Amino acid sequence: MRITDQAMIRTEARPPIILASREDFEALLSSGRPRMLPGRGRIVVEIEKIDADEKRLLERKLNRYFYDCGCASGAIASSLAMVSAIIYLVAKPGGIFGVGWADIGCSLLFILLSAALGKGLGISLAGKNLKKTVRGLLNKPFF
């Protein structure tokens, strides 16, 4: 068995979250954050009044928001923090040669805190976007 086969078995071991009724979407709204690992499950929309293309786009959007781990926003925040820290260290009086261990430690702490803040912000925004998308669907005459 190849590694990719094992990965598929682990991913498909969890049953998909099937959204077929208004109650299913309302339950998704009240469920809060997923209790699964990011990318370790999927949401399937089974509403007959939606055509296949729109259903696929909706599933992709719901899966992206529901299973978002915040890594992308954390990476962006830490990248910006790295650039800021480098600029700070170079622009100090004495230039790069005037940098001490305390400056390096503070810069590393700033980068780590920025990454954590970015990750938290990404997770929070994904939750808000999920709720906004589901509430928008509940206002449509699909059910």
Checking F97, F110 in turn, the sole residue that is surrounded by 13 or more Cβ atoms within 10 Å (Cβ to Cβ) and more than 17 Å from E59 (Cα to Cα) turns out to be F110
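Could you list, in sequence order, all residues of the range 87-122 that are hydrophobic (A, V, I, L, M, F, W, C) and in contact (Cβ under 8 Å) with a residue 40 or more places away in the chain?
First pass over the range 87-122, keeping only residues hydrophobic (A, V, I, L, M, F, W, C): 87, 89-91, 96-97, 99, 101-102, 104, 106, 108-113, 115-117, 121.
Once the filter is applied, which keeps residues that are hydrophobic (A, V, I, L, M, F, W, C) and in contact (Cβ under 8 Å) with a residue 40 or more places away in the chain, the range 87-122 yields A115, A116, L117, L121.
Yes/no per residue for (1) of a type outside the set (F, W, Y); (2) surrounded by 14 or more Cβ atoms within 10 Å (Cβ to Cβ); (3) within 30 Å of L28 (Cβ to Cβ):
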residue	(1), (2), (3)
S73	yes, yes, yes
Y88	no, yes, no
D103	yes, yes, no
G118	yes, yes, yes
K128	yes, no, yes
P141	yes, no, yes
Of the residues C71, C106, only one is hydrophobic (A, V, I, L, M, F, W, C), out of contact with any strand residue (DSSP E or B) (no Cβ under 7 Å at 6 or more places or on another chain) and at pLDDT 95 or above; which? C106
Exactly one of these conditions fails for A81: (1) in contact (Cβ under 8 Å) with a residue 60 or more places away in the chain; (2) more than 30 Å from L29 (Cβ to Cβ). Give me its number. (1)
When you scan the range 60-81, do you find a residue that is farther than 23 Å from L137 by Cβ, out of contact with any helix residue (DSSP H, G or I) (no Cβ under 7 Å at 6 or more places or on another chain), small (G, A, S) and assigned to a helix (DSSP H, G or I), even just one? yes
Give the range 13-45 a look and list any residue that's assigned to a loop (DSSP other than H, G, I, E, B), surrounded by fewer than 13 Cβ atoms within 10 Å (Cβ to Cβ) and either among the small types (G, A, S) or at pLDDT 90 or above (or both), or say none. A13, S31, G32, G39
Of the numbered conditions (1) of a type in the set (D, E, K, R); (2) at pLDDT below 90; (3) farther than 18 Å from N129 by Cα, D53 satisfies every one except a single condition; which is it? (2)
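The values are calculated or read from the model by the stated rules, or taken from the named source; none is laboratory data. Keep in mind the model is a prediction, meaning the values are calculated, not measured. Backbone-built Cβ (ideal geometry, glycine too); neighbour counts: all protein chains shown.
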